[in-house]
Amino acid sequence: MVHPCLRCGACCAFFRIAFHWSETDPSLSGTVPAELTEKLDPHRVVMRGTQSKQPRCIALKGTIGEAAYCGIHPIKPSVCREVEPSWEFGRHSPQCDKGRIAHGLEPLTPEDWLDPSNDDSPPLPQSG
Ligand code: SF4
Ligand code: SF4
């Protein structure tokens, strides 16, 4: 099964992605590349591109709703790691739904997490 986020990317082009500046400072164990961020206020930075009228994070690769992924996935900001796709862990995620709806995508359902290769129902009878 292709992870639904890899066919989506909507939340990365909807919210302002703001977090504490220390996440960009390697001397404080920060991992996010500082050049991909800009200052928001004395305490916070934002991912570039996410303050625009039509936001899109600079780190987002691909086409929303088709094939998209985070270009800095292993080192992305804490706020991004906290967003759950709806129903991946058995519960609805308002952020995920909002992002998808804003991009004309249906909210995920529990069925989106079913792996067709795990279908152990009996085969249909063959005709002829
Ligand atoms: S909106 Fe939901 S499904 Fe889409 S990338 Fe974000 S968490 Fe994943
Ligand atoms: S850093 Fe990655 S996960 Fe976070 S908004 Fe940007 S593309 Fe999305």
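For segment 41-90, the square roots of the Cα gyration tensor eigenvalues, ordered a ≥ b ≥ c, give a/c of at least 1.5 with a/b no greater than b/c, which places it in the oblate category. Electrostatic bookkeeping for Lys76 treats Lys and Arg as +1 and Asp and Glu as -1; over the other residues with beta carbon under 12 Å from its beta carbon, the sum is -1. Averaged over residues, the count of other Cβ atoms within 10 Å places the peptides 67-77, 103-113, 5-15 in the sequence 5-15, 67-77, 103-113, highest first. What number comes out for the charge environment of Glu38, summing +1 per Lys or Arg and -1 per Asp or Glu over other residues with Cβ under 12 Å away? Summing Lys/Arg as +1 and Asp/Glu as -1 gives +2. Centroid-to-centroid, using Cα positions, segment 12-41 and segment 52-116 are 19 Å apart.
Please work out how much length the chain gains when fully extended from Glu82 to Ala34, using 0.36 nm per residue of separation minus the C-alpha to C-alpha distance, in nm with one decimal.
Computed gain between Glu82 and Ala34 is 15.3 nm.
With contributions of -39500 (n - 2.57) from each DSSP H run of at least four residues, the per-residue ellipticity at 222 nm computed over the chain stands at -2500 deg cm²/dmol.
Taking a sphere under 14 Å around the Cβ of His103 and counting the other residues whose Cβ falls inside, with K and R at +1 and D and E at -1, yields a net charge of +1.
Rule-based calculations on the coordinates, nothing more; no lab input. Everything numeric in this text was worked out from a predicted model, so none of it was measured. Note that we place each Cβ from the backbone using ideal geometry, even for glycine, and neighbour counts take in every protein chain shown.
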